[in-house]
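Okay, structure first, notes after.
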């Protein structure tokens, strides 16, 4: 097999091209041909690095989501102060969204993908780990907030939905930047439901 070495880092160009296309149109509507044309490489080059379109998707998810999950694990490490933990979680998402806008848009698409098929198989372990970290935070907070018992799933879904909604509006050109004031508003709004 002949590999196109005309570009210094074909692998990075392929990932960037695919990430841009997937975030704009979704995974299923983008063809391998479109990715290779945008990256200016041959199909054998793509297959050499990733094996398949699904392998490319797996690489994109792993290389972008794995570092974030490490940061989220640190943020969700409950130390007895729930507002402090919530602040760290929102900060982790805001930083991730600002530093990785193209991937975060793709993440928002994947949050609502059908539960069958290759996308679900690739993405669901990462999404599940994300939710598990949030659920653990709320489960650990029960010791200090007894009224939260039995609600970790609801709280994790609600909190993440609120964060995603704010970030989605930010991406739609809303003048509101992902500021500390906005972070505090999210935490206050969410906490009202916990403490009331």
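Annotations for the structure displayed:
- Residue within the range 184-196 that is within 16 Å of residue 65 (Cβ to Cβ) and in contact (Cβ under 8 Å) with a residue 60 or more places away in the chain present: no
- Residue satisfying condition, being in contact with a helix residue (DSSP H, G or I) (Cβ under 7 Å, 6 or more places away or on another chain), closer than 24 Å to residue 183 by Cα and either in contact (Cβ under 8 Å) with a residue 12 or more places away in the chain or not in a loop (DSSP other than H, G, I, E, B) (or both), within set 102, 30: 102
- One residue stands out in the range 134-166 among those that are surrounded by 14 or more Cβ atoms within 10 Å (Cβ to Cβ) and within 15 Å of the chain's Cα centre (by Cα): the one that is nearest to residue 76 (Cα to Cα), namely 134.
- Restricting the range 70-101 to residues that are exposed (fewer than 15 other Cβ atoms within 10 Å of the Cβ) and within 13 Å of the chain's Cα centre (by Cα) leaves a set whose member that is nearest to residue 23 (Cα to Cα) is 101.
- For the range 109-143, a residue qualifies if it is closer than 19 Å to residue 67 by Cβ, modelled with pLDDT under 90 and assigned to a helix (DSSP H, G or I), and exactly one does: 110.
- Qualifying residue in the range 167-183 (condition: closer than 30 Å to residue 50 by Cβ, free of Cβ contacts under 8 Å to residues at least 12 places away in the same chain and either surrounded by 12 or more Cβ atoms within 10 Å (Cβ to Cβ) or not assigned by TED's automatic domain parsing to the domain that holds residue 90 (or both)): no
The values are calculated or read from the model by the stated rules, or taken from the named source; none is laboratory data. Just so it is clear, the structure is predicted and the values come from calculations on it, not from any experiment. We place every Cβ from the backbone using ideal geometry, glycine too, and count neighbours over all the protein chains shown.
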